Every structure is written in C-alpha cells, then in structure tokens.
Amino acid sequence: MTDDRESRFIAAAKTELERSTQQLDELTIARLRAARQRAINARPRRRAWLAAGGLATAALSAALVAVLLFAPAAPPPATGLEQLELLSENDGIELYRDLEFYRWLAEHADAA
Amino acid sequence: MAQFATGNRDEALDIVQDAMLALASRYGKRGSDEWGPLFQRILQSRILDWYRRRRTQHRWRAWLGTDDDDEDPLAALPDPDARRPEEQLGNTRAGAALETALGALPLRQQQAFLLRTWEGLDVAATAAAMGCSQGSVKTHYSRAVHSLRNLLEDHWP
C-alpha cells in the first residue's frame with residue numbers, strides 16, 4: 001500500500017516536472033538553442049585537423065628532400081693552419097661578415 | 001535541473017552551456033549512447049562546483065561582514081520541517097509547490113531525486129552521474145522522497 005502511494009507520488013512528480021519543461025519561456029528556449037549551437041561549433045573537427053596535419057607533413061617532407069638534394073656540399077674542415085690564417089686576415093673576416101650581401105649580389109647580378 | 005539547484009535562471013543557463021561545451025569539446029567523438037550519461041556527469045559536477053563556490057563566497061562574505069542574504073544559496077537549503085511550500089507561497093498549485101519543495105532539499109538529495117525520477121536513471125547510472133556510491137544514491141533518494149511527500153502531502157496524498 002505504501003509502495004503504491006509512493007509510486008503514485010513519484011509518477012505525479014514526474015508529470016509535473018515534464019510539464020514545467022514544456023512550459024519554458026521563449027527566451028530560455030532560445031538561449032538553450034544558442035548554447036547548443038555554440039557547443040556544436042566548438043566541437044573539434046577531426047577531418048579538418050587531419051587535412052591540415054597532412055599538408056604540414058607533406059610540406060615538411062618536401063622541404064627536407066630539397067635540403068638534402070640541393071644543399072651545397074659542406075667544405076672540408078679547415079686545418080689548424082688554415083684556421084689561423086683566416087683569423088689573421090681582415091679580408092676573410094669582412095667577407096664572412098658581408099656574406100649575406102655577396103650572396104644577394106650574386107643572385108641579382110644577372111638581372112642588373 | 002540546474003535551475004532547481006541554483007534557483008537562478010541565468011546561473012542555470014551558464015552551467016548548462018558550460019556542460020554542453022565540455023561535452024562537445026571533450027567527448028564529441030564518443031559514441032552517441034555515451035553522450036547522455038556523460039552529459040549528466042558533467043552537468044552534476046558543474047552544479048556541485050557552483051554550489052561549492054557559492055558556499056565559499058558566502059563564508060568570505062560572512063567573515064568580511066558583507067553577507068547578503070538574498071544571494072545566499074544556503075538560505076534555500078534544508079529546513080523541510082519548518083516550511084510548507086503552499087504556506088510560504090500562498091500558492092496551491094502542485095507544480096509550484098513541487099518546485100519550491102525541490103528547492104528546499106539539500107543539493108545531493110535534489111540531484112538524486114531528479115536524476116532518478118525525472119531523467120529515469122537507475123541507481124548505478126545516478127551514482128555515476130553524481131560521482132558517488134550507489135549506497136549514497138539510495139540514501140539521498142530515500143530521504144528526498146520522504147521529505148517531498150511530507151511537504152506535498154496536501155497535493156499528492
């Protein structure tokens with residue numbers, strides 16, 4: 001008997017709660033919809049990330065191959081005497097200081 | 001549910017939005033059958049966080065002497081024996097009385113009752129959502145039903 005009354009009470013409470021949900025005002029419903037939309041928009045998009053990651057990997061691989069294939073061979077290491085000579089020559093030091101400029105000049109010389 | 005817990009529409013909507021965002025950003029890739037339980041877990045956790053923050057704020061205000069009774073979430077908490085919703089509101093509508101009675105329940109009882117009754121979760125799922133043991137859910141739920149029946153016996157004898 002007690003259980004029956006409790007069941008009836010719970011059923012009545014549930015009915016009232018569901019009714020209260022159906023009676024939500026328009027503003028609240030609109031805000032809930034907006035919140036839902038924001039959540040959907042915030043969802044991470046796996047495909048977009050995969051595409052971006054794939055492009056980045058491909059670009060990195062291409063750059064690595066280009067460096068390996070076309071980079072000039074490293075000069076043989078200077079001996080102790082050559083290093084001493086380089087350090088003692090002002091011209092050599094200035095050449096290294098202006099290396100960027102010389103490189104630019106070499107590249108643009110043809111067009112000049 | 002957040003509305004019952006906070007007693008404030010704006011706060012409730014913020015909590016729900018926060019829970020939705022957390023679900024979508026963290027668990028959007030999970031199977032759709034998991035979304036419901038996960039959402040409830042997140043939502044109940046957010047409600048509990050909100051409640052703890054408010055309680056802390058209330059203590060600080062009390063210490064600083066700037067307490068504001070209107071913003072005190074504890075003011076609505078448990079005193080079921082001293083309050084009768086229809087007396088307090090002068091409203092005999094069962095729905096309004098139920099809302100008031102639910103607002104008067106301690107948070108954990110309120111959560112257990114709403115998850116079991118409204119959401120239709122079983123004890124195990126309710127325990128998962130509330131982050132507590134099944135025994136605790138049974139205790140909270142039983143106390144909630146007892147309190148609510150006492151409060152609402154004029155509406156639903």
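The values are calculated or read from the model by the stated rules, or taken from the named source; none is laboratory data. Every value quoted in this text rests on a predicted model; they were computed, and no experiment measured them. A quick note on method: Cβ atoms are made from the backbone with ideal geometry, for glycine too, and the neighbour counts reach across all protein chains shown.
Observations
- From the list B:ARG30, B:ARG41, B:ARG46, B:ARG61, the one residue that fits, being surrounded by fewer than 16 Cβ atoms within 10 Å (Cβ to Cβ) and in a helix (DSSP H, G or I), is B:ARG61.
- Selection status of B:THR139, surrounded by fewer than 16 Cβ atoms within 10 Å (Cβ to Cβ) and at pLDDT 90 or above: yes
- Conditions (1) surrounded by fewer than 18 Cβ atoms within 10 Å (Cβ to Cβ); (2) over 17 Å from B:ALA128 (Cα atoms); (3) under 22 Å from the mean Cα position of the chain (by Cα): number failed by B:GLY36: (2)
- Residue satisfying all of: in the range A:1-31; within 7 Å of another protein chain (Cβ to nearest Cβ) and of a type in the set (S, T, N, Q); farthest from B:SER147 (Cα to Cα) among these: A:THR28
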